[in-house]
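Data first, discussion second: the structure below is written as structure tokens.
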Amino acid sequence: MTGGRAVILGHTGKNFAAGMSGGIAYVLDRDHTLYHRMNEDMVSLQELRDKYDIAELREILEDYEKETGSALAAEILGDFDSSVKDFKKIVPNDYAKMLAAIGKYEKQGISHENAMLEAFEEVTA
């Protein structure tokens, strides 16, 4: 994954996210053991607290439930405010640096496209 979003509703195997270079994964972690199975050298695990992340997760789940009729997605959406605490946000460390740098440049009034270019130069220098 290089910049997209993924929602994982099933069990993950060991060394989860090894090789993940970009994008964000929202992982359902009801037993709160994901940190035992992930590759901590490459990614960070975060609680889902940001309102934009929560809205994005909800939208993805709504689309998924609509398109597939998933009973699990319907269950999660039925009590979303409670269920969201069982999700973790997984972000590759280098991708997080890029996102932070892009945000810094956008706050300076630079367009998103130019902010991406400036961030790339900064992070890869």
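The values are calculated or read from the model by the stated rules, or taken from the named source; none is laboratory data. Worth saying up front: this structure is predicted, and the values here are computed from it rather than measured. Note: ideal-geometry Cβ built from the backbone for every residue, glycine included; neighbour counts use all protein chains shown. Just so you know, the surface numbers come from the protein's heavy atoms only, side chains and all, with ligands and any DNA or RNA stripped out. Shrake-Rupley method; radii C 1.70, N 1.55, O 1.52, S 1.80 Å.
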Quiz item: To the nearest 0.05, what FRET efficiency results for Lys51 and Ala125 with a Förster distance of 41 Å applied to their C-beta separation?
Solution: 0.80
Quiz item: Can you give the accessible area of Ile60, probe radius 1.4 Å, in Å² rounded to 10?
Solution: 50 Å²
Quiz item: Tell me, what % of the accessible area of region 1-61 is carbon and sulfur with a 1.4 angstrom probe?
Solution: 49 percent
Quiz item: What list of ³J(HN,Hα) values in whole Hz, one per residue of region 21-36 in order, does the Karplus curve 6.51 cos²θ - 1.76 cosθ + 1.60 (θ = phi - 60°) give from phi, with Gly and Pro shown as x?
Solution: 10, x, x, 9, 10, 9, 10, 6, 10, 4, 8, 6, 10, 4, 4, 6
Practice problem: Kindly express, to the nearest 10 degrees and within the range 0 to 90, the angle between helix 93-107's C-alpha long axis and the longest C-alpha principal axis of the chain. | Solution: 60 degrees
Exercise. Once you have the Kirkwood Rh of region 18-69 from its Cα pairs, apply Stokes-Einstein at 4 °C and 1.567 mPa s and quote D in µm²/s.
Key: 101 µm²/s
Quiz item: Which peptide among 52-58, 19-25, 64-70 comes first, and what is the full order, when sorted by highest mean count of other Cβ atoms within 10 Å?
Solution: 19-25, 52-58, 64-70
Quiz item: Got the relative contact order for region 8-125 handy, in percent, Cα pairs under 8 Å and 6 or more residues apart?
Solution: 31 percent
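When N is the residue count of the chain, what does its C-alpha Rg come to as a fraction of 2.2 N^0.38 Å? Walk me through the numbers on the way to the answer.
On the way: Rg = 15.9 Å, N = 125, 2.2 N^0.38 = 13.8 Å.
Against the empirical 2.2 N^0.38 Å value, I get 1.15 for the chain.
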Quiz prompt | CD proxy at 222 nm, helix term only [per DSSP H run n ≥ 4: -39500 (n - 2.57); per residue of the chain; nearest 500] | solution = -14500 deg cm²/dmol
Practice problem: Could you do me a favour and compute the accessible area per residue for region 64-125, 1.4 Å probe, result in Å²? | Solution: 63 Å²
